[in-house]
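Peer 1: Submitted below is the structure of interest, expressed as structure tokens.
Quick note: the coordinates plus some simple rules give every number you see, no bench work behind them. All of these numbers come straight from a predicted model, not from anything done at the bench. So basically every Cβ, Gly included, is an ideal-geometry build from the backbone, and we count neighbours across all protein chains shown.
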Amino acid sequence: MTKVEDFWQENKRFVLGVAAGAAVFGIGWLATEKTLGADLRSQRARLSTIEKQLAQPRYVAADQTRAEAERERLSQAVATLNDAVSFHARPEFALDGTSPANRYFAVQSRVREELLTLAGRAGLVVPEGLGLPALSPTKEQEIVRYLEALDVVERVVKLAIDAGCERIDEIRIALDPRLVSGKSIPDIEKTSIEFDLIGASAPLARWIAATQQERFGDVLLIDKLNLLASRTKADESRLEVVFRVAHLYGDLEAGKEKP
């Protein structure tokens, strides 16, 4: 018996087991390659394509130039809108570096005395309080806004005198609720100054037209206007008007808000 035959006789069970295992592995590999190989190759090809795309610049210099030009155009548009919408108080109604509370007291005292005197001479009835709060504001930002509102009140009353109006029945000033509560204002801060006038229609019409002229440097923004005929007098009307003092907030670049 040869050595090969001796090895076979002694190790044939081991050899057969190894051969069977190899056959099973081969069959399993073929099955795996058949079911998953195609998908794997597809995914690898897709990955290669994506990597090539990422290696290429997505935007060219011309795209950046157009984007910067558009950004500049929008910035200028926002600045123009801000200037058109925002109220510009006259210097005599702005803080002057002294105590805000003292400044408020001095300005409102001067304006009240002056307007009531002028209105009395012209025969125009005006509320003595001019719509200001009974208790003077203490926060600087609120003082600034009430002084701006008082600027509007003075303009409106003087225009009413010139137009020959008869009676300003009521004046109401309301600051933006978000300012009063301390909330951030991401868009437009709005102070409302409401007037109720009673009298003949012609002077009221002249008064409204005058508020839309730049006699004092700004056209006054009208938010609401309602003209009602009197139920008791044929020649009398009631005019309700809400003016707005607006300030535009928000930054085109960084999205800044007013704190």
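Peer 1: Just need the relative contact order of the range 88-248 here, percent rounded to a whole number, with Cα pairs under 8 Å and 6+ apart.
Peer 2: Relative CO of the range 88-248 lands at 21 percent.
Peer 1: Something else: Grab the other residues whose beta carbon is less than 14 angstrom from that of Asn102, score K and R as +1, D and E as -1, and report the net.
Peer 2: Details: positive: Arg103, Arg110; negative: Asp96, Glu140.
Summing Lys/Arg as +1 and Asp/Glu as -1 gives 0.
Peer 1: Now, a different point. Could you give the C-alpha radius of gyration of the range 116-249 expressed as a fraction of 2.2 N^0.38 Å, taking N as the number of residues it contains?
Peer 2: Working: Rg = 15.5 Å, N = 134, 2.2 N^0.38 = 14.1 Å.
Compared with the compact-globule rule of thumb, the range 116-249 sits at 1.10.
Peer 1: Now, a different point. For Ala229, what is the net charge nearby, where nearby means another residue's Cβ is under 11 Å from its Cβ and Lys, Arg count +1, Asp, Glu -1? Don't skip to the answer; put the middle values down first.
Peer 2: Details: positive: Arg231, Lys233, Arg238; negative: Asp235, Glu236.
Result for the local shell: +1.
Peer 1: While we're here: Under a point spin-label approximation (7 Å from Cα along Cα-to-Cβ), what is the Thr80-Arg66 distance to one decimal in nm?
Peer 2: Modelled inter-label distance: 2.2 nm.
Peer 1: Follow-up. Amide H neighbours of Leu221 under 5 Å, at least 5 residues apart or on other chains, H built in the peptide plane: list them.
Peer 2: For Leu221, the qualifying residues are Arg244.
Peer 1: Give me the three principal axis extents of the range 180-247 from the C-alpha atoms, as integers in angstrom, largest value leading.
Peer 2: That gives 48, 28, 13 Å along the principal axes, largest extent first.
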